[in-house]
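A short worksheet on the structure shown next.
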Amino acid sequence: LDRQPGEPLLQVADAQIEDCPYQARRPFSDASVAELAQGMRAVGFQGVLIVRPHPDPLRRREGLYQLAYGHRRRAAWRRVCAERGEASLLPVVVRELSDERMLTIGAQENLQRADLDPIEEAQIVDWHQRMFAQLSQAEIGAMLGKSSDWVSIRARVHRLPDALKQRLRERPRAISQMLELSALAARRPDEAERLADRIVAEQLTLEQVRALVRGYARPGQAGTSDRENENNRRGA
């Protein structure tokens, strides 16, 4: 992802660069951008951004690009330029990149940081499963530097109802607890949401959630299989 010998360096206006379509992260935390901006105030923009010509022919003719790598540095430099009242110009290297390569670059940029929440991780897994449908979960895990269990759990997280995903954002370590509610959410969504609120507010454990879910389960549907429970634990 570094600039290669002989690659031309262009100065491109920020307005000409769209975000990567495979950027799972929500807006960067203000603290992380502020820290990077502080360094830029002293020494200027360091490094380069990697962009590709816009894949839409019309927008490409208009001189637009898509950002492949460097989203946080771009956000920080925007802040510095706004403070100075200057136009934001960015040093970029332009490369022809496929959607598959854009996806893997975005995953590398995101997963090398520790502050992704489970919903963002699940979005990355879903993109990979759709882009590389011929690959197994173990092979996708190898691409991401994760185990097949990790991929399996994030795939299930992606299928959770939006209401449960929102509660999981509020308590990111409660993956297993929220997954335990998935079957109940299909039958009794209001009850599942109430239990999800309790998971967040009362810090319920997985065992407590299972006991509560069994109270709603029909005969023969109580609990989950030992194999699924073990997968939940290892994936979380």
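What is the one condition in (1) part of a helix (DSSP H, G or I); (2) open to solvent by 20 Å² or more (accessible area, probe 1.4 Å) that residue 102 does not satisfy?
(2)
Just to verify a result, which residue in the stretch 37-81, among those that are among the aromatic types (Phe, Trp, Tyr) and open to solvent by 40 Å² or more (accessible area, probe 1.4 Å), is nearest to residue 107 (Cα to Cα)?
The extreme case among them is 69.
Restricting attention to the stretch 135-143, does a residue exist that is open to solvent by 10 Å² or more (accessible area, probe 1.4 Å) and closer than 29 Å to residue 73 by Cα?
Yes - at least one qualifying residue is present in the stretch 135-143.
Read through the list (1) in contact (Cβ under 8 Å) with a residue 40 or more places away in the chain; (2) surrounded by fewer than 15 Cβ atoms within 10 Å (Cβ to Cβ); (3) not in a strand (DSSP E or B), then give the number of the only condition that residue 11 fails.
Condition (3) is where residue 11 drops out.
Any chance the stretch 82-89 includes a residue that's open to solvent by 80 Å² or more (accessible area, probe 1.4 Å), of a type outside the set (Gly, Ala, Ser) and closer than 18 Å to residue 32 by Cβ?
The answer is yes; a qualifying residue exists.
One line per residue, one yes/no per condition, for (1) more than 21 Å from residue 23 (Cα to Cα); (2) within 17 Å of the chain's Cα centre (by Cα); (3) part of a helix (DSSP H, G or I):
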| position | (1), (2), (3) |
| --- | --- |
| 126 | no, yes, yes |
| 155 | no, yes, yes |
| 184 | yes, no, yes |
| 200 | yes, no, yes |
| 208 | yes, no, yes |
| 216 | yes, no, no |
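The values are calculated or read from the model by the stated rules, or taken from the named source; none is laboratory data. Treat the numbers as computed from the prediction; the structure is a model and nothing was measured. FYI the Cβ positions are ideal-geometry reconstructions off the backbone, even for glycines, and counts take in every protein chain you see. Keep in mind that these areas ignore ligands, DNA and RNA; they rest on the heavy atoms of the full protein, side chains included. Shrake-Rupley method; radii C 1.70, N 1.55, O 1.52, S 1.80 Å.
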